[in-house]
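Q: Sharing a structure below in structure tokens format, with a few things to ask.
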Amino acid sequence: MTSAAPGGDCCPEYAALNRRSVLRGALALGGATFMVGSATVSASASSPTPASAVLVVLSLRGGADGLSLVVPYGDPGYYNARPTIAIPQGQLLAGTTDGFFGLHPKLAPLSAMWNAGSLAAIHATGLTVANRSHFSAMEEVEEADPGSSARIGWLNRLVSTNSDGSPLQGVGIVNGTPPTEISGPVPLMTIGSLDDASIAADDQWDTDPAGKRRRSLHTLWDHDRSALGVAVRSTLQATADLTPAVAAVDNSASYGGSHLGQALAAAARIIRGNVGTEVITVDQGDWDMHVDLGNLDGGQMLGNADDLATSLAAFFGDLGDQAGKVTLVTISEFGRRVLENGNRGLDHGWGNVMFVAGAGVKGGRYYVDQQQGWKPLSDDLESDLHVTTDYRNVLAEIVAARFGSPVSKVFPGLAPRTIGFMQGA
């Protein structure tokens, strides 16, 4: 069991992990990466031509509690294990109960999507074997290749299935650590922020004649065959290709002002810019609630659930004519224990919930593994939400439905099992 750091809400490992991310700066691993407070956006472009489908992967860092976001009110073990933090059945979000599950009331901004059938929840998902270490579990989840030492993220493998050498797959400027899921052999671009995705001094003051800075860099590097030369040329081309995204209207004011909202607003600009981006990752890292997860009278979960729902609703309302090709999935490295601790919080657990929203989703309902069903919760100290759905099957169903990519290449060794939440699955 991992406990909170003295005087802190999250555990020592997670606090160190956050510090390490800041101190290490950014690695040139892949994707255009945008650090916005505790939220990070990374994007990889597999083609400079418009993408036919876009996948946004929202990582809820720290281990979100899926039993608070999607409450199994039909299981008496939930209420026995959480005498002070359980959400009463009568307070669950109206219109989202099905006789067993219901949504946290602070997810109300997502009601319209739920009722329209464009938002689904898949419960009891996760790694097939529990891993309660933040760092280790993140790597394992994002590599999605058990037993391999290749250190390649599953999104990098996805992009590689139709890579055509887009300049946006080059190496660029970063101020944060790109997530493992996009790391690998396909070169991707990283930058500090979307509005700063430019070449220094290549601006409105570069006149008489205009464009001197960019031309001089081409003169210096166009015939350099070294790795640095390749990276510089890729960066020059990528910053040019990103121009439509940089020029896209910034609607971040409508997202609620949080770091997550700003990050998703940047993602929406990339999508509306229609620069060929197929994969976008967004990180949000405030879910390690050992202390004061709370209930409907107060606590951290209230604000996090509200921020999540407000930001997601704004994001899907900000996609314009690109909305029909965007699918978003949420993921967290692990869930929390069933039993609440003495600090009105929850320690590291196992199973979790994944939300899937947008294009191709058969939503407005909850999914659990049809063969194993729901494993009843218990209130003993070591009790977990047992995983009945390998999280890779959720991702694989999206990959197959939206990209038509070979699942065997993106998720090596996986024997896919259909869950049925995607159209055409």
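The values are calculated or read from the model by the stated rules, or taken from the named source; none is laboratory data. Note that the structure is predicted; figures quoted are calculated from it, not measured. Heads up, the Cβs are rebuilt from the backbone with ideal geometry, glycines too, and the neighbour counts pull from every protein chain shown. To get the accessible areas, we keep the full protein, side chains included, count just its heavy atoms, and leave off ligands, DNA and RNA. Shrake-Rupley method; radii C 1.70, N 1.55, O 1.52, S 1.80 Å.
Q: Calculate one ³J(HN,Hα) per residue across the stretch 110-120 by plugging θ = phi - 60° into the Karplus curve 6.51 cos²θ - 1.76 cosθ + 1.60, and present them in order as whole Hz with x for glycine and proline.
A: Coupling constants for the stretch 110-120: 9, 4, 4, 5, 4, 5, 7, x, 10, 9, 10 Hz.
Q: When the C-alpha atoms of the stretch 175-333 are aligned to their principal axes, what extent does each axis show, in angstrom, from largest down?
A: 63, 31, 29
Q: Along its three principal axes, how long is the stretch 281-398 when you only count alpha carbons? Whole Å, largest extent first please.
A: The principal-axis extents, from largest down, are 49, 37, 23 Å.
Q: Simple spin-label model, 7 Å along Cα-to-Cβ: GLN237 to ALA415 in nm?
A: 4.3
Q: Check ARG336: other-chain or 5+ apart residues with amide H under 5 Å from its amide H, H built from backbone geometry?
A: Residues meeting the criterion, in which the H sits 1.01 Å from N, are GLY66, LEU67, GLY349, TRP350.
Q: Sticking with this one: Residue-wise, which Karplus ³J(HN,Hα) couplings in Hz belong to the stretch 80-94, taking 6.51 cos²θ - 1.76 cosθ + 1.60, θ = phi - 60°, and x for glycine or proline?
A: Working through the residues one at a time gives 5, 7, 10, x, 10, 10, 5, 9, x, 3, x, 9, 5, 4, 4 Hz.
Q: When each pair of different Cα atoms in the stretch 272-339 is counted once in the 1/r mean, what is the Kirkwood radius in angstroms, to one decimal?
A: 14.6
Q: When only Cα pairs under 8 Å and 6 or more residues apart are kept, what is the percent relative contact order across the stretch 199-266?
A: It rounds to 19 percent for the stretch 199-266.
Q: What's the carbon and sulfur percent of the stretch 289-399's accessible surface, probe 1.4 angstrom, rounded to a whole number?
A: 46
Q: Roughly how many Å² of SER198 are accessible to a 1.4 Å probe, to the nearest 10?
A: For SER198, solvent-accessible area is about 60 Å².
Q: Under a 5 Å amide H to amide H cut-off, with H placed in plane at 1.01 Å, what residues pair with GLU278 once short-range neighbours are removed?
A: The list, which skips near neighbours in sequence, is SER44, SER46, SER47.
Q: Using θ = phi - 60° and the Karplus curve 6.51 cos²θ - 1.76 cosθ + 1.60, what whole-Hz ³J(HN,Hα) does each residue of the stretch 398-412 get, with Gly and Pro shown as x?
A: Couplings: 5, 4, 5, 6, 9, 10, x, 7, x, 4, 5, 7, 6, 10, x Hz.
Q: Taking the inverse of the average 1/r across all pairs of different Cα atoms in the stretch 80-125, what Kirkwood radius in Å do you get?
A: 11.7
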